[in-house]
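Every read-out reported here was derived from the displayed coordinates using simple, explicitly stated rules and does not represent laboratory data. Just so you know, these numbers come straight off a predicted model, no measurement behind them. Methodologically, a virtual Cβ is constructed for each residue, glycine included, from the backbone with ideal geometry; neighbour enumeration extends over all protein chains shown.
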Amino acid sequence: MPHNAMTVFGLSPWVALVVGLNLLIALAGFYLAWRLWQLRNTLAEVADNILSWEQNTHAVLDPAVTPPNILLGQQGIAALRQQYAQLRRQLQQAQRVLDLVGLGTRLLRRRRRSGAKRGAKSGPAGSPRGRRWVLTR
């Protein structure tokens, strides 16, 4: 080998260039392999979570279990509707009674007022009719 050529670590410049490029390619490959390994672990976790969600969803929506749950819910709703209808009827009855009480009090007021307008006739114990009794202490 001629001594006048430039050498790196005793190698020709072309050999040093090829070795250097091979080292860079190897480092890039190692970095890519490391990133792919991280991606694989992340995807494995995601797949495990999705599988768990799928199993939980299947357990909740299992055809053998779902119809009884729906039937139970429908029975509960039917019972609530019956209670609501009964309470509504009771409310209507109470409103009718209150309406009758209100009508009765209005009629009594009119009767008392009309009696006071006709003239003050003496009632029991000398009190005039149509006046309200006032309690004093």
task: In square nanometres and to one decimal, what's the mean projected area of the convex hull around the Cα atoms of segment 1-78?
output: 8.7
Rh by Kirkwood over Cα pairs, then Stokes-Einstein D for segment 64-108 at 0.692 mPa s and 37 °C, µm²/s: 248
field: Karplus (6.51, -1.76, 1.60) ³J(HN,Hα), θ = phi - 60°, over segment 87-93, in Hz, Gly and Pro reported as x
entry: 5, 5, 4, 5, 5, 4, 5
task: For a quick protection proxy, order the peptides 14-21, 26-33 by their average other-Cβ count within 10 Å, most packed first.
output: 14-21, 26-33
